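The values are calculated or read from the model by the stated rules, or taken from the named source; none is laboratory data. Because the structure is a prediction, the values reported are computed rather than measured. Cβ: placed from backbone, ideal geometry, glycine included. Neighbour counts: every protein chain shown. The accessibility values were calculated without ligands, DNA or RNA, using every heavy atom of the protein model including side chains. Shrake-Rupley method; radii C 1.70, N 1.55, O 1.52, S 1.80 Å.
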Amino acid sequence: MHADVVIVGGGVIGNAVAFYCARAGMSVILIEQQDILNGTSSACDTAIHLQSKNPGIHLAMALNSIKKYPALQKEFDVDIHFTITGTMLAIQREEQWEVMKSFADRQKAAGLNVSLLDPAQTLAKQPAMKGAELVGSTYCDQDATIHPQNLTKAYCFGAMKHGAKYLLYTKIRSFRIEDNCITGVDTDQGMISCRWVVNAGGVFAPFIGKMMGLDIPIVPRRGQILVTEPVPKLTNTIVNCAKYIAAKFRPDLLGNSVEDRLGIGLSLTQTERGNLLLGGTREFVGYNTRTTRQAMVLIAKHGTAIIPALKQINIIRSFAGLRPYTPDSLPIISTVPELKGLVIAAGHEGDGLALSAVTGEIVSEMIAGKPLSSGIDLSQLSLARFSREDIDRFYHKYAIA
Amino acid sequence: MKEDHLQEEMIICRCQEVTEAEVRQAIDQGCRSLKGIKNRTEAMMGLCQGRTCRRLIERMLSESPQQMPVTQSYRPPVRTLTLNTLAEAEEGGENAC
């Protein structure tokens, strides 16, 4: 077998890369050890968040990506349910107000349409919050929701339409490296010679890296989510809370309570069928994907405190996904000087849906040797931004006994 | 012929209204696991969480030419419960279930 590009990983990022590369005329083979969507990309909520992005390259990438989905929806054969909904971030305590205000100010300066709402304005927009004790909220009308499985399937079927081949349930034995250049992938389905390999392994990217002698600083961060029965439209927006932002970016600022250790923060989205996805946690527990009673109770407590209308709604299931977490919460989209022919595209944590389109475009342009149409500064996403000490410290901090 | 047609239209997951043909198509596309069938068709993801259709789909998977052992965990809750009941429940410790 031969391909211009071999992509390792069948999540939303691997499939987006396959789609953009195949559409650009490259021959593509995607290798996945299970089925597509087996990991993080199917164990998440539906949010394409802008308000949860740090102003700077993080927000710039999300803004670039979100603009691509309406056109992609027209091109895809699968309905990705892309809908602009906006996000409301509930603020429960006075001391959070100033922090959220300055976060919102920085986002506004970066081009995001964020406003601060008092409790009455908040309730007018979100009647389901009646009875909650809030000091207000921030609101942005640009965030969107998307169908995670359908987005990944849409990239996959689109890539196949452009000639990409998929090797599912396929294991990689080794990579063929000659003169510091990757020239092939040896799998249990046979040898594939190639010019490029894309490591889109998400939380498994470090294992693929190890097979090439590379240390990639990504650790799994577990997020638990509750699923409710389908109900009529409960919320007009995605709903999060100030603690969600703190848990995402500054886990070090959280206290030592059980809630804080589990990284409890509200996330609520509603699917087209009407199911609510209520989260969530951010926990460092290795590759354990179980849901826990403790987290389920605390998610319910926190969620019903901010949205009392949830109280009488039934949950039908819980699930957990592993988010690929990096030391600075930015993905690694990078070539590696000491290993030609390799691109890493992993470590998007909970931003894979939001950043998949821009990531696919960037990687296809890197491989084609073209200037990036997004104008993103790749040095901020390079593997080389982490020193040897950074990586050692990170592994040590999150090493799971 | 007529019977085949009826079978194609047969709904296998009643909650999500997924037909046998849609499950068959997912298997033909290379899917070999229950999780994959869920992600590709949304079967087993409705109110009853696959109480009836899971076994039927397991059988379809086990009869497919590329059969593999079918493994898939179960997730709480066993029965639906309101968020209020859950919010007022004992948290339990880190290892409670």
Per residue, in Å², the accessible surface of the range A:153-233 once ligands and nucleic acids are set aside, probe 1.4 Å = 41 Å²
Run the numbers on the range B:34-75: which residues show a drop of 40 Å² or more in accessible area, chain on its own versus all protein chains together, using a 1.4 Å probe over heavy atoms?
-> B:LYS35, B:ASN39, B:ARG40, B:GLU42, B:LEU47, B:GLN49, B:ARG75
Gained length - A:PHE249 relative to A:PHE157, 0.36 nm times residue gap less alpha-carbon distance = 29.7 nm
Rounded to the nearest 0.05, what FRET efficiency do B:ALA96 and A:ASP179 have when you use their Cβ-Cβ distance and R0 = 41 Å?
-> 0.15
Positive-pole candidate from A:TYR155, A:ALA62, B:GLN49, dipole of the protein assembly as shown, charges at beta carbon = B:GLN49
Assigned charges on the beta-carbon of Lys, Arg, Asp, Glu; the range B:2-87 dipole about Cα centre (debye) | 580 debye
Which value, in Å² and to the nearest 10, is the accessible area of A:MET1 when all protein chains are kept and the probe is 1.4 Å?
-> 110 Å²
Using only alpha carbon pairs under 8 Å that are at least six residues apart, calculate the relative contact order of the range B:2-87 and give it in whole percent.
-> 24 percent
Got a sec to turn the phi values of the range A:321-331 into Karplus ³J(HN,Hα) couplings, 6.51 cos²θ - 1.76 cosθ + 1.60 with θ = phi - 60°, whole Hz, x for Gly and Pro?
-> x, 9, 8, x, 9, 10, x, 10, 6, 10, x
Calculated FRET efficiency, A:SER257 and A:GLU98, Cβ-Cβ r, R0 25 Å, to nearest 0.05?
-> 0.70
May I ask you to give the solvent-accessible area per residue for the range B:2-87, in square angstrom, as obtained with a 1.4 angstrom probe?
-> 61 Å²
Per-selection Rg to Rh, the range B:2-87 - Cα, Kirkwood hydrodynamic radius | 1.04
Taking the Cα centre of the protein assembly as shown as origin, sum charge times position over the Cβ atoms of Lys and Arg (+1) and Asp and Glu (-1), and report the length of that vector in debye to the nearest 20.
-> 340 debye
Of the listed pairs A:LYS370/B:LYS38; A:LYS68/A:LYS130; A:LYS248/A:LYS311; A:LYS161/A:LYS370; A:LYS108/A:LYS311, those with alpha carbons more than 29 Å apart are A:LYS370/B:LYS38; A:LYS68/A:LYS130; A:LYS108/A:LYS311
Taking every pair of Cα atoms in chain A, average 1/r, invert it to obtain the Kirkwood radius, and report Rg/Rh to two decimals.
-> 0.97
Calculated from DSSP helices alone, with each H run of at least 4 adding -39500 (n - 2.57) and the total divided by the residues of chain A, [θ]222 nm to the nearest 500 comes to -9500 deg cm²/dmol
Which value in nm describes the separation of the simple spin-label points at A:GLU229 and A:ALA368, placed 7 Å from the Cα toward the beta carbon?
-> 5.1 nm
Of the accessible area of the range B:19-97, with the probe set at 1.4 angstrom, what percent is carbon plus sulfur?
-> 48 percent
Report the accessible surface area buried between chains A and B, summing both sides, using a 1.4 Å probe on protein heavy atoms only, in Å² rounded to the nearest 100.
-> 3500 Å²
Dipole of the protein assembly as shown, positive end: most advanced residue of A:MET88, A:LEU298, A:GLY136 [Cβ charges, Cα centre] = A:LEU298
Whole-percent carbon and sulfur share, accessible surface of chain A, 1.4 Å | 53 percent
For chain B, calculated [θ]222 nm from helices alone, where every DSSP H run of n ≥ 4 adds -39500 (n - 2.57) | -11500 deg cm²/dmol
